[in-house]
Each structure stands twice: as C-alpha cells, then as structure tokens.
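Below you'll find the structure, written out as structure tokens, and then a few comments.
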Amino acid sequence: MQTYSPFAKPLYVMLKPIGAVCNMRCAYCYYLDKKELYPNSSKYQMSDSLLESFTKQYIESQTSPDIMFTWHGGETLLRNIDFYKKALAYQKMYARGRRIDNSIQTNGTLLTDEWCRFFKENNFLVGISIDGPRQYHDRYRKMNNDAPSFDKVMKGIALLKKYEVEFNIMGVVNDYNVNHPLQFYNFFKELDCRFIQFAPIVEVIDGEVTEWSVDPEKWGDFLIAIFNQWVRTDVGSYFVQYFDAALSSWMGVAPGTCIFAKTCGHAGVMEFNGDVYSCDHFVFPEYKLGNIYSKTLTEMMYSSKQTSFGNDKYDKLPSQCKKCEFLFACNGECPKNRISSTLAGEPNLNYLCRGYMKFFRHIAPYMDFMKKELMNKRSPANIMNLF
C-alpha cells in the first residue's frame, strides 16, 4: 500500500469569506447548496476574530518562506474592500519576515475601479471565471435575476487590464462549449490571457449525470483540438494548465495541480464559520475535519482522517488504472469524478477516463520530444519548428 505523508507538501487551506453566497446562479454550480449545511446562519460572513485567528495559525503552520492566501466563493467580492484590508493588516502583523501573496477567484461582475486599484496596489492575482464567447458563457452563467452576465464580466476584465492587474482565466467546459474548442481557446487568447485553466463539468444529481456535464469522448477531443493548435504556435507564449501538468509528469516532477497528483489531502478549505473540510469539492459532513476554534489547522490537516483521504486517491484506484500506461500522468484525476465502473465491475473509475486516455495517447510523442529538449537544456518551444 502506498504511504502518504502530509508533511511532504505545504499545508494549504482555501478561505471562504462569504460562504456559499453569490450574486449569480450558474446552472452547474456545485457550491450554492452548501448553505444547507448551515440552516441557522443569517449571515454567511467570516468574522474579524476568525480572520485573525486563521491568519496567525496559517502563517505559523507553514514551512516555506513564501505563503499563499487563496480567497474563494461563493462570490468573494460580496465582502467589501475593508474586509480584505483587514486581512492584509493581519498578514503583515503575523508575517515575521515571510513573503505573503494573495489570489482571489471572482466571477468578475462586481469589479470596479476601486477594486482593481486595490488589487494592483497589493499584488493580488485575480482568477476570472468566464466560459468563452457570449453564446457559450451566457448559456449557463446567469445573474440572480436570470439576466446574462457576459457583458458585466467583460467590463470587469477590461478594468483589470486597465490597471494592469495580473489575472488568469478559469473556463468551465460543459456539454455545449465542449463542441467548440478552438473558438473557446482563441477567445481567451484574444483577451491576451496568458494563463488558462479548464474545468470540465461532471455532476451527478439523484444518481444521474446532469445534462450539462461533459461527454468523456468529447472532453478528449476538446483537449486534443486545443493542444494541436498550442503545440504548433503557442508553446512558451500561452500556458494551459493541462499541457503544463502533462509535461511536468513526463519529466517526472510534480504536475503543479492536485487533480493529477499521485495523492491529495494537502489542500483543505475553511468555511465562513471556521469549519475545515478535506477539499473544496468535498464540503460534506463526512469530510469535516473540525473547527478552527476547537482544533488547530495543523491538527486537522495532518490528522489521520485527512491522511486517509489523501491516501485514498491512489489506494482506491481500480486495478485497471494501476496497470494503465498513463497512470504517471493521470493518477485517476480528481476523486470527485470517480463515479464510473470498469468493464470488470470495479468502482472508482474516473467518468472522463476515455477522454483522458485519448488525450494522453495523442500528446505522448510531442511530450517525448519536449522532454528530450528539456533534458538537453533546450527550450521545449523548439517543437514548433517541426511544424
């Protein structure tokens, strides 16, 4: 059996300062129903005392001189700027010489000149959720009143660019835009976003995969189509998380994203009231590790319960996965997507397995070439010369 030590990786806990409160109602959102965990709460807002306690513990628990605070929602900008100013003040108070950075994920609809000046002055990295051009984005990403959100998001991105705030894109891939990979990818390039992440929708309601979830085969085709353009024209200029992670795996180093890591469990999430859960995708009662008011972050994140959660990513893989030639690159992807069974009837097969298998087979010779370039201290971008 594989052994997992959480001490091998830095402790990382994402913050939910507003809980599951949002000004949008995206059809595929998996987080808004988390309000049901706290039926007696009238305000889903992190208190100043909790913010200070977390900041102190989080900094003290780190073994690295560089520390990243990650703010996530709901919609993070529903907390006002004063809240984040207090957060920065607490970080400065307890830093003790550490370098502290902040990243924040937002749907972009509430961005203003004031917010963007604040982010620029304090070196925030801003993640923007946008699902491609208008016709793809507005299909599922609606405001609370069911109005389209595309124009509001584009206005927010324009403000980020105006103030030269560093930002990256999170594009959710669903049953609709998965059929238009190049339009999707080229739209982000037109925004001059150099760092692009994709998130395929895999959601189950009442035992059935939702209509907006991605088809496994189409997911593979989507990645291949974008890769074929990227590998010919964009290596070294645009950074696509899936492709960078694959090259890292081919090189035998950590992929830089938890979904392809061999084990998980080092990245937890803290809700607005101090409850800590194993992962952002596992905010369920059975994955609650405790509360920061009664246990320390170190106790919870290095607990036997969280260690088992981390080990399970590898230990519970079906034998088909453990024999797969691309196990080193895939590692069964995210456990939240392991909702299928193998032909032999083993559970815990990733729903997107067929797509990933198609993708990895396609990119293998390109990755082999780029690996050789790197091993010979040459740029992997040389692969573009072949075309």
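The values are calculated or read from the model by the stated rules, or taken from the named source; none is laboratory data. None of the values given here were measured: they were computed from a predicted structure. Methodologically, a virtual Cβ is constructed for each residue, glycine included, from the backbone with ideal geometry; neighbour enumeration extends over all protein chains shown. These area figures cover heavy atoms from the full protein model, side chains too; ligands, DNA and RNA do not enter into them. Shrake-Rupley method; radii C 1.70, N 1.55, O 1.52, S 1.80 Å.
A few notes on this one:
- Any hit, region 147-154, residues being surrounded by 14 or more Cβ atoms within 10 Å (Cβ to Cβ), part of a loop (DSSP other than H, G, I, E, B) and of a type in the set (K, R): no
- Given (1) open to solvent by 30 Å² or more (accessible area, probe 1.4 Å); (2) under 24 Å from C29 (Cα atoms); (3) among the acidic types (D, E), index of the condition D280 fails: (1)
- Among the conditions (1) open to solvent by less than 30 Å² (accessible area, probe 1.4 Å); (2) free of Cβ contacts under 8 Å to residues at least 12 places away in the same chain, E286 misses just one, which is (1).
- First in region 115-141 and within 21 Å of E211 (Cα to Cα), second anywhere and open to solvent by 50 Å² or more (accessible area, probe 1.4 Å) and among the hydroxyl-bearing types (S, T, Y), Cβ under 6 Å, 6 or more apart: R139/Y176
- Take the conditions (1) open to solvent by less than 30 Å² (accessible area, probe 1.4 Å); (2) in contact with a helix residue (DSSP H, G or I) (Cβ under 6 Å, 6 or more places away or on another chain); (3) of a type outside the set (A, V, I, L, M, F, W, C); (4) over 24 Å from C353 (Cα atoms); T298 misses just one of them, which is (1).
- Across region 8-34, the qualifying residues are those that are open to solvent by 30 Å² or more (accessible area, probe 1.4 Å) and in contact with a Ser or Thr (Cβ under 8 Å, 6 or more places away or on another chain), and the one among them that is modelled with the highest pLDDT is Y12.
- For the criterion of being at pLDDT 95 or above, in contact with a strand residue (DSSP E or B) (Cβ under 8 Å, 6 or more places away or on another chain) and within 17 Å of A246 (Cα to Cα), C353 passes.
- Residue check, L343 part of a loop (DSSP other than H, G, I, E, B) and surrounded by 21 or more Cβ atoms within 10 Å (Cβ to Cβ): no
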